[in-house]
Amino acid sequence: MKIAIMQPYFFPYIGYFQLIESVDLFIIYDNIKYTKKGWINRNRFLRNGTDCVFTVPLRKDSDLLDVKDRVVARDFDRGKLVRQLREAYRRAPHFESAFPVVEKLIMSSRENLFEYIHGSVVELCRHLDIGSRIVPSSSLAIDPALNAQDRVLALCKAAGASVYVNAIGGQQLYSREDFHTRGIELKFLESQPITYPQFGDPFVPWLSIIDVMMFNSVTTIREFLEACCELV
């Protein structure tokens, strides 16, 4: 079985979905510490030819809490975010088919941060015809004290993995020898540059999957998922 493990991200960039597409089982960390400066609850969209950040605000809580214990702020104005995205993309060629999907996910009433993000990733994969199974990391019984590569190896063992796939940026974090010793092949997914017209302005790369969906059909996105990356 081929697996990948990643943090949860809200409407992540297309490379995240290429990683999901490349494996049989995708594990999303829910029992890891929330990091304020990461991209768990924020991402970038296109507005007036430049990138802008959108954020899901969180209830004030201890910095020691795991992602699965964080809660979306009560004053999070979902409708305001929907309106911002509608205004930014209403002239995009695939707005009519993509926007209802985005709006439904943003307007979800889920209050738990992980459930909110996990639910959106699952639904986006369904929309993009990605059939990989997606589970939270807490569903696999491993020693909770493990960290870094040891934690990944334990999750691989618990999932019955024969191949572990990581994003190319993690090459310095893992040892092929350590994985090989445990009977697991270590692979890295390298994404190729993806470009498409954005209202005729200079292209802004690696925005949220929202941007990709607004300017490309599902058929084209499927081509990006399958042909614009390789395992090394």
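The values are calculated or read from the model by the stated rules, or taken from the named source; none is laboratory data. Predicted model, so just to flag it, every value in this text is computed and none were measured. Cβ placement follows ideal geometry from the backbone for every residue including glycine, while neighbour counts extend to all protein chains displayed.
Scanning the range 121-141 for residues that are among the polar types (S, T, N, Q) and touching a residue at least 12 places away in the same chain (Cβ under 8 Å), we see that the one that is surrounded by the most Cβ atoms within 10 Å (Cβ to Cβ) is Ser137.
The set of residues from the range 148-206 being in a strand (DSSP E or B) and under 30 Å from Thr220 (Cβ atoms) comprises Val163, Tyr164, Val165, Asn166, Ala167, Lys187, Phe188, Leu189, Glu190, Ser191. Checking each residue in the range 169-203 for being among the hydrophobic types (A, V, I, L, M, F, W, C) and surrounded by 15 or more Cβ atoms within 10 Å (Cβ to Cβ) picks out Phe179, Ile184, Leu186, Phe188, Leu189, Ile194. For Leu85, the conditions (1) in contact (Cβ under 8 Å) with a residue 60 or more places away in the chain; (2) touching a Pro at 6+ places or on another chain (Cβ under 6 Å) all hold with the exception of (2).
Can you give me the number of residues within the range 106-143 that are outside any loop (DSSP other than H, G, I, E, B), under 24 Å from Val23 (Cα atoms) and either in contact with a strand residue (DSSP E or B) (Cβ under 8 Å, 6 or more places away or on another chain) or not hydroxyl-bearing (Ser, Thr, Tyr) (or both)?
Keep residues of the range 106-143 that are outside any loop (DSSP other than H, G, I, E, B), which gives 106, 112-127, 133-139.
Then keep just the ones that are under 24 Å from Val23 (Cα atoms); that gives 114-127, 133-139.
Imposing the further condition that a residue be either in contact with a strand residue (DSSP E or B) (Cβ under 8 Å, 6 or more places away or on another chain) or not hydroxyl-bearing (Ser, Thr, Tyr) (or both) reduces the set to 114-119, 121-127, 133-137.
Within the range 106-143, residues that are outside any loop (DSSP other than H, G, I, E, B), under 24 Å from Val23 (Cα atoms) and either in contact with a strand residue (DSSP E or B) (Cβ under 8 Å, 6 or more places away or on another chain) or not hydroxyl-bearing (Ser, Thr, Tyr) (or both) number 18.
Checked across the range 209-225, the condition of being outside any loop (DSSP other than H, G, I, E, B) and small (Gly, Ala, Ser) holds for no residue.
Quick one: is Asp69 more than 26 Å from Ser217 (Cα to Cα), loosely packed, with under 13 Cβ neighbours inside 10 Å and more than 18 Å from the chain's Cα centre (by Cα)? Don't jump to the end; show me each part of the working.
Values: more than 26 Å from Ser217 (Cα to Cα): yes; loosely packed, with under 13 Cβ neighbours inside 10 Å: no; more than 18 Å from the chain's Cα centre (by Cα): yes.
No: the conditions fail for Asp69.
The residue list Phe45, Phe11 contains one member that is in contact (Cβ under 8 Å) with a residue 40 or more places away in the chain, in contact with a strand residue (DSSP E or B) (Cβ under 9 Å, 6 or more places away or on another chain) and closer than 14 Å to Phe114 by Cα, which is Phe11. Only one of the listed residues (Ile5, Ile27, Ile20) is in contact with a Ser or Thr (Cβ under 6 Å, 6 or more places away or on another chain), under 27 Å from Glu226 (Cα atoms), modelled with pLDDT of 95 or more and in a strand (DSSP E or B). That residue is Ile27.
With the condition kept exactly as written, say whether any residue in the range 144-161 is under 19 Å from the mean Cα position of the chain (by Cα), surrounded by fewer than 20 Cβ atoms within 10 Å (Cβ to Cβ) and farther than 25 Å from Asp69 by Cβ. No, there is no match, as no residue in the range 144-161 is under 19 Å from the mean Cα position of the chain (by Cα), surrounded by fewer than 20 Cβ atoms within 10 Å (Cβ to Cβ) and farther than 25 Å from Asp69 by Cβ.
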